[in-house]
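First up is the structure itself, then whatever we jot down about it.
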Amino acid sequence: MKTKNVLVSCLLFVLLVGLPRQSYADATCDVEMVDDAWLRFVHEITWSPTDNYGIISAVDGLWVVDLDALIVHPLYILQLKHVVRVAFTPDGEQLAVGLQTGEIYILNTSNWLITAELDDHDIRIVGLHYSPEGDTLVTLDEDGKFVSYDRDYNIISIWQSELIDINELEFSDDGAYLSPILPFDNGLVRVWDTYTGEQVYFWRLAPPRDHTKVHFVPGRYDIVVVHYSGETSLWPFPYEEKQVLDTRPDIDLDINPQGLMALFDKEGYVTLRTLDDDVITRWQVSEYPATGWIAPNGAYLASLDIVGHLKIWQLCEGVG
């Protein structure tokens with residue numbers, strides 16, 4: 001069965017790598033800040049797969065980044081505090097919300113009412129992922145406990161991995177693989193089979209220091225790794241060699257479905273580029289270190305610095 005899964009994964013990779021990627025050669029870059037807000041302890045922004053908005057996971061609950069109205073506003077849902085992870089179903093009609101305390105709530109995105117509560121974890125949620133068909137939800141807590149649910153949120157399986165104290169993780173688009181990030185891991189990159197909890201690939205970065213971010217390339221199993229050594233590299237599947245993308249002191253990155261990538265460095269600058277070495281523009285989003293998220297359509301970028309200043313940037317003409 002494992003050999004079959006690897007063969008299927010390789011076939012998917014070959015098919016996906018051949019897909020055309022959007023060209024940004026004609027983009028003209030006058031980046032403009034169009035909105036901002038001050039927020040406390042934001043974990044991430046997750047964009048809707050079908051509508052023009054994103055959801056902010058924060059200690060005081062959920063916030064909406066409305067890209068049509070260009071405003072940021074809170075969702076007042078009493079039960080939802082200390083939100084650490086969210087995930088949309090592929091049709092955008094439901095939102096899974098994971099809390100610091102382990103509870104998971106399911107919301108209807110048409111009215112933001114809670115439709116289900118899952119209480120099979122008792123510690124911080126670090127991962128939520130719906131299958132491409134939306135019929136399976138996989139959840140993972142920081143102690144390495146996996147729980148998978150069917151479309152009606154009945155438990156399919158529960159299993160325990162060997163790793164604990166997981167800081168965060170990244171899923172491949174199809175959910176077949178995930179890459180967990182652990183503290184003090186000395187630059188070890190791990191790739192697991194999501195549905196068995198087994199480690200199927202691993203390698204160590206050089207020099208052996210902690211990496212800060214791992215990101216699957218959308219639609220592929222390739223991985224981009226930001227490393228404390230000041231090197232950002234692309235590792236094509238099956239991860240036998242690397243391609244250096246950047247040597248600035250990057251601390252974070254994001255990639256949208258069209259292959260547009262934002263690299264964030266220690267000086268508060270963001271470099272907007274592609275995986276094919278096309279640097280589009282570079283500008284300072286903050287005087288402090290920052291992270292950020294590119295909207296799926298490539299028209300906007302949300303940046304967040306370490307003091308809680310969220311800014312919405314309208315990107316270059318021709319990028320979206």
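Taking the stretch 175-189 only, how many residues are over 21 Å from Y130 (Cα atoms) and either hydroxyl-bearing (S, T, Y) or at pLDDT 85 or above (or both)?
Looking only at the stretch 175-189, we keep the residues that are over 21 Å from Y130 (Cα atoms), and these are 182-189.
With the extra rule that they be either hydroxyl-bearing (S, T, Y) or at pLDDT 85 or above (or both), the set shrinks to 189.
Qualifying residue count, the stretch 175-189: 1.
Among the strands (runs of 3 or more DSSP E) contained in the stretch 1-72, which hold 3 or more residues that are at pLDDT 90 or above and not basic (K, R)? I'd like the intermediate steps shown before the answer.
On the way: elements: 32-38, 42-47, 53-58, 61-66.
Per the criteria, 42-47, 53-58, 61-66.
Okay, residues lined up against (1) polar (S, T, N, Q); (2) surrounded by 21 or more Cβ atoms within 10 Å (Cβ to Cβ); (3) at pLDDT below 90; (4) over 18 Å from W47 (Cα atoms):
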residue	(1), (2), (3), (4)
E240	no, no, no, yes
D254	no, yes, no, no
L260	no, yes, no, no
V270	no, yes, no, yes
D276	no, no, yes, yes
V285	no, yes, no, yes
N297	yes, no, yes, no
A302	no, yes, no, no
K311	no, no, no, no
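L169 - would you say it is in contact with a strand residue (DSSP E or B) (Cβ under 8 Å, 6 or more places away or on another chain), modelled with pLDDT under 90 and farther than 19 Å from L99 by Cα? Steps first, answer last, please.
Details: in contact with a strand residue (DSSP E or B) (Cβ under 8 Å, 6 or more places away or on another chain): yes; modelled with pLDDT under 90: yes; farther than 19 Å from L99 by Cα: no.
No; evaluated as a whole, the condition is false for this residue.
Give me the pairs: first residue in the stretch 247-264 and on the phi > 0 side of the Ramachandran plot, second residue part of a strand (DSSP E or B), beta-carbon distance under 7 Å, and six or more apart or on different chains, which are they?
G259/T274
The values are calculated or read from the model by the stated rules, or taken from the named source; none is laboratory data. All figures in this text were calculated on a predicted structure; none of them were measured in a lab. Cβ sites come from the backbone with ideal geometry, for glycine too, and all protein chains shown count toward neighbours.
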